[in-house]
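S.K.: Quick one: this structure, given as structure tokens, is what I'll be asking you about.
The values are calculated or read from the model by the stated rules, or taken from the named source; none is laboratory data. Values in this document were obtained by computation on a predicted structure and should not be read as measured data. Every residue, glycine among them, receives a Cβ derived from its backbone with ideal geometry; neighbour counts consider all protein chains shown.
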Amino acid sequence: MATWSPVTGYRKFNFSDVNNLRGRILRIAVSEQPPFLVRNQTAFDLSNGNVTVMLYQGIIPNMIRTLSVVLNFRYELVFCKPGDQYYGTVDKNGKWNGMIGMLQRGEVDLIAADLTVSLQRQSVVEFTVPFYEDPMTILLPRSQFNKHLFGFLFPFSTSVWFCVIAAVGASGPLLYVFSRATPYYAAQKKVNYFASLSEAYIYCYGSIVSQG
């Protein structure tokens, strides 16, 4: 195992720096949520009869097995109590239920589940680096777009378009007259900015569509 970042680059993780738990038994709170954890009953045919074994598969059991070997500990999986809130919320008495409550009451030593990190939960428990991120998005039905020659007019109502046309029609002559009447160009000995009325209209139109 190793870590990588643009600043430090590749750094191999040194397991000798981690404390040895010396075979301690840890109670780990888990939740059955595929694909993170799945419980499967498997029957084995032995010489003295059939034996049913509960197998735990998924991302979280694999992580726990790897950590148990690296940190030298044994573990016991503890599932949330029936009828209790699954992950953990604050009840009306201000106490936590679910797996967060189990951890606070000392019923388990840690939690290994797809538990959402929130500010409220961070105030009572300590989270590790997330091992899974769930991007959320909004899905909408595909729109049936009808091609139309004047489709660019649809975003605005008729009254809005009339106001735009009136604004351009009134701004062009005013801009042309003001540019000729201002003493700025005469003082700077420059040619009038708008040589014709059409240039004033083009300038107003370009200002609306954000083009020259």
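Yes/no per residue for (1) assigned to a strand (DSSP E or B); (2) touching a Lys or Arg at 6+ places or on another chain (Cβ under 9 Å); (3) at pLDDT 90 or above; (4) hydrophobic (A, V, I, L, M, F, W, C):
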site	(1), (2), (3), (4)
THR42	yes, no, no, no
TYR56	yes, yes, no, no
GLN85	no, no, no, no
ASN93	no, no, no, no
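S.K.: Can you find, within segment 119-142, the residue that is modelled with the lowest pLDDT among those that are of a type in the set (S, T, N, Q) and surrounded by fewer than 10 Cβ atoms within 10 Å (Cβ to Cβ)?
M.R.: The selected residue is THR137.
S.K.: In contact with an Asp or Glu (Cβ under 8 Å, 6 or more places away or on another chain) and modelled with pLDDT of 85 or more, is that true of GLY101?
M.R.: yes
S.K.: Another question, if that's okay. Which strands (runs of 3 or more DSSP E) does segment 1-40 wholly contain that include 3 or more residues that are modelled with pLDDT of 85 or more and surrounded by 10 or more Cβ atoms within 10 Å (Cβ to Cβ)?
M.R.: Fully inside segment 1-40 and qualifying: 24-30.
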